[in-house]
Amino acid sequence: MSSHIAKGFAIAFNFSNLGGVAFGVFLGIVLGAIPGLTGTMAIALLIPLTYYMDPVLSISLLIGCYKGSVYGGSMSAILLNTPGTPEAAATAFDGYPLTLQGKAKKALTTALTASVIGDSFSDLVLFFSAMPIALIALKIGPPEYSMLVLFSLTIVASLAGSSSLLKGMIAAFSGILVSTVGLDPITTSRRFTFGLVDLDRGIKLLPLLIGLLALSEIFLQIEQGFKRERENMGKVPTVEDQGEGLTKRELVTLLPTIFRSASIGTILGAIPGIGSITAAFLGYDQAKRSSKHPEMFGKGSLEGVAAPEAANNAVCGANLIPVVTLGIPGSLSAAVLMGAFMVHGLMPGPMLMQEHPSTLYALFILMLMANAIMYVIARPILKVALHIISIDKAKLFPPILIFCGIGAYGSDLSFFDMKIMFIFALVGYVMKKVDLSPAIFLISFILGPLLENSIRQSLIISGGDFTIFFTRPISLALFLLSLASIVWSLKKLSLIHISEPTRPLYISYAVFCL
């Protein structure tokens, strides 16, 4: 084994391989910062250009692009409240308020530092513990998956925080309802398609995300004319107002949050299908639960920036654990990377480690190098990005609208997706006006199909016997965690002792979470 690692170091520390990683990281950061242009799209477009490259060079370039794009989405989320990638949505909750407070530089450096640490943690786990974690992931079947998604939904419910519980329930139920549009996954019967063939495939995440979070914010700011921001903040901060970056003392304070979120992202990344979006929101919620100042979340908490960034970047390395050991892609991006492996004659699966050990260790080492390279490359990019604040926002609207349209259309080359984007821009605008949470709606939309499919698969396996969820150890443990999460949330919101008139509302809340 040591000889293979030594040979891997020799392969990795090649000028062309390091240059390929650096170019991939730079390209990923730029594309990730543009709303709607995801790392998956960039990887898919780059694969044909890598056909005649060396396998290590081509795959490391693609992995660098993937890593850079996951971090890059945080830049537009923090500066413009417009997540460049879906997983950066949670970063905007506290990143943008920090920008309005004149702390954009601190928020950006916090996101970068947390991303690099979280990603490095995940890569080290991949390097040393790929096989044991893959064996755990192999035991995750439909019943366990159902309870895992249920646990995630209980966390979604707690995101309502101190705001109206009823409004949080409405947002969550609406997200799950919208997720059922399209063909039934088992019977293929139409559901809520209203006779539109384009809706048979369901509503795609990217157009909905761009409309719900990006365009709706533009509509809201156009209506307000930025008066509210100027009244609250005195003035819109400029580049000179952004203060210092992350201090060493603040970094030490954030390290427990970063490592906790990195652990969450690594575990979820190793389980096929969970993805970085769920990891980001779960990391955010756990940081809020563990924080000494949970009331600051949503108002400009550095923990609220570090937690989702550490979690979603930690998914990058862990996503490759099931790919290189089981031949199972952990996410859409991992599936595209898996295709790149196959193009270059590296068949993912149990035999890959035995047939190409030196190549794999070289890739693992380059993944670690990509994190250091990302930190070096991103620092000067942050200085350029800060100048976005000094630009009149009205001048930014046209290019943002163009990029949003390109992102929605480019996901499936469909004009119908652009219509979906504008529809949910109006939905997001109305939700923000009536104080409904677009974040809860979005997470529920993502988790809804996962919960439905896994429950129905479990019942097919058991012949309709619901006890399958409680007779398997991992499934039962996750169910108990879900119950504990509900009780904890109710207790923290002081809802255990409630008055008689409002008791039915809170009982229905608990039933909804279950």
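The values are calculated or read from the model by the stated rules, or taken from the named source; none is laboratory data. Note that the structure is predicted; figures quoted are calculated from it, not measured. These accessible areas exclude ligands, DNA and RNA; they are computed on the full protein's heavy atoms, side chains included. Shrake-Rupley method; radii C 1.70, N 1.55, O 1.52, S 1.80 Å.
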Strictly over 28 Å apart at the Cα level, which of Lys299/Lys383; Lys106/Lys292; Lys383/Lys433; Lys292/Lys433; Lys383/Lys432; Lys204/Lys433 would you flag in this model?
Lys383/Lys433; Lys292/Lys433; Lys383/Lys432
Stretchable slack from Leu401 to Ser291, in nm (0.36 nm times residue separation minus alpha-carbon distance)
35.9 nm
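Can you give the accessible area per residue of segment 174-214, in Å², using a 1.4 Å probe?
Averaged over the residues of segment 174-214, the accessible area is 46 Å².
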